[in-house]
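Encoded as structure tokens, the structure appears first; notes follow it.
The values are calculated or read from the model by the stated rules, or taken from the named source; none is laboratory data. On a predicted model such as this, the values are computed, not experimentally measured, just so you know. Glycine gets a Cβ as well: all are built from the backbone with ideal geometry, and neighbour counts include every protein chain shown. Just so you know, the surface numbers come from the protein's heavy atoms only, side chains and all, with ligands and any DNA or RNA stripped out. Shrake-Rupley method; radii C 1.70, N 1.55, O 1.52, S 1.80 Å.
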Amino acid sequence: VQLQASGGGLVQAGGSLRLSCTASGRTFSSYAMGWFRQAPGKERAFVAAITWSGGSTLYADSVKGRFTISRDNNKNTLYLQMNNMKPEDTANYYCAARNSRFYNTKYSEYNYWGQGTLVTVSS
């Protein structure tokens, strides 16, 4: 599966952005999906994940209550709604697909990656 992330940009603290990740192919619904982010000089970190059906989600503590992951299997698209954003949310955001119906928080467990979309939050 090929993944294309979009929706990044510059936003002020307290603002919102919605990231999208469009998948090619007809088997999107068979993959668990995740969002990860990588800030300059830091390792790639887990943000959120969702099961194949969308029935279960998981969030990093740092974004819980502010970010919402969702998916539309009919549109082969994954979303990340980001609200009440903070400067520490600044990073490149990557979507990833896992060859499983169930998510994992480790980036090494994901098999396919999008190219990343840059999010910058100004204070």
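A few comments on the model shown:
- Residue within region 33-41 that is of a type in the set (Gly, Ala, Ser), at positive phi, in a loop (DSSP other than H, G, I, E, B) and exposed (fewer than 13 other Cβ atoms within 10 Å of the Cβ) present: yes
- Filtered residue count, region 69-90, keeping only those that are under 14 Å from the mean Cα position of the chain (by Cα) and either modelled with pLDDT under 95 or hydrophobic (A, V, I, L, M, F, W, C) (or both): 4
- Restricting region 82-114 to residues that are touching a Leu at 6+ places or on another chain (Cβ under 8 Å) and open to solvent by 50 Å² or more (accessible area, probe 1.4 Å), the residue that is nearest to LYS42 (Cα to Cα): ASN92
- Considering region 1-29, the residues that are hydroxyl-bearing (Ser, Thr, Tyr) and in contact with a strand residue (DSSP E or B) (Cβ under 9 Å, 6 or more places away or on another chain) include one that is farthest from ASN76 (Cα to Cα), namely SER16.
- When we screen ARG66, ARG18, ARG26 for residues that are within 12 Å of the chain's Cα centre (by Cα) and basic (Lys, Arg), the only hit is ARG18.
- Residue pairs whose Cβ atoms lie under 7 Å apart, separated by 6 or more positions or on different chains, with the first residue in region 19-32 and on the phi > 0 side of the Ramachandran plot and the second aliphatic (A, V, I, L, M), are GLY25/VAL1.
- Looking only at residues in region 8-28 that are surrounded by fewer than 16 Cβ atoms within 10 Å (Cβ to Cβ) and among the hydroxyl-bearing types (Ser, Thr, Tyr), the one that is farthest from ARG98 (Cα to Cα) is SER16.
- Residue list for region 44-69, filter: among the small types (Gly, Ala, Ser) and within 15 Å of TYR94 (Cα to Cα): ALA45, ALA48, ALA49, ALA60
- Of the strands (runs of 3 or more DSSP E) entirely within region 46-123, those holding at least 3 residues that are of a type in the set (Gly, Ala, Ser) and either touching a Lys or Arg at 6+ places or on another chain (Cβ under 6 Å) or touching a residue at least 40 places away in the same chain (Cβ under 8 Å) (or both) occupy 91-98.
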